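Here is the structure we will look at, set down as C-alpha cells.
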C-alpha cells in the first residue's frame, strides 16, 4: 500500500467534471484506490456518486491510498490528475 495527502486546490472543488475524470481514471487502474477526507468520509473514486457526495471543496485535505501490483504508478497518475484540476 502507498498513500499520499493532498489539498484540493481547484476553486470549485471536485465537482461534476473533475469527478468524472477521476472516476474514469480510477476505473481504468488495476489497483484499489480509496480516498478519505479530513471530515472522515470514505470516498470510492471508482463511483461517481461517492465522489460527488464526498464534499471535496477547495481546501479539503484528502488522503489517497492505493493497493495493488502497480500501486506506485497508479498513485502518481491519481496525484497528477488531482494537480491538474485548476478551473
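The values are calculated or read from the model by the stated rules, or taken from the named source; none is laboratory data. Treat the numbers as computed from the prediction; the structure is a model and nothing was measured. Counting neighbours? That spans all protein chains shown, and the Cβs are built from the backbone with ideal geometry, glycine included.
Which residue, of 75, 49, is under 20 Å from residue 2 (Cα atoms) and out of contact with any helix residue (DSSP H, G or I) (no Cβ under 9 Å at 6 or more places or on another chain)?
Details: 49 fails: under 20 Å from residue 2 (Cα atoms).
The match here is 75.
May I ask you to list the residues in segment 45-63 that are assigned to a loop (DSSP other than H, G, I, E, B) and surrounded by fewer than 17 Cβ atoms within 10 Å (Cβ to Cβ)? Working first, answer last.
Looking only at segment 45-63, we keep the residues that are assigned to a loop (DSSP other than H, G, I, E, B), and these are 45-47, 54-60.
Scanning segment 45-63 gives 47, 55, 57, 58, 59.
Pick out the one residue from 13, 40 that is more than 10 Å from the chain's Cα centre (by Cα), surrounded by 14 or more Cβ atoms within 10 Å (Cβ to Cβ) and either modelled with pLDDT under 95 or part of a loop (DSSP other than H, G, I, E, B) (or both). Lay out the reasoning, then the answer.
Values: 40 fails: surrounded by 14 or more Cβ atoms within 10 Å (Cβ to Cβ).
Being more than 10 Å from the chain's Cα centre (by Cα), surrounded by 14 or more Cβ atoms within 10 Å (Cβ to Cβ) and either modelled with pLDDT under 95 or part of a loop (DSSP other than H, G, I, E, B) (or both) holds for just one of 13, 40, which is 13.
Does residue 69 meet the test of being farther than 15 Å from residue 84 by Cα, free of Cβ contacts under 8 Å to residues at least 60 places away in the same chain and outside any helix (DSSP H, G or I)?
It is true that residue 69 is farther than 15 Å from residue 84 by Cα, free of Cβ contacts under 8 Å to residues at least 60 places away in the same chain and outside any helix (DSSP H, G or I).
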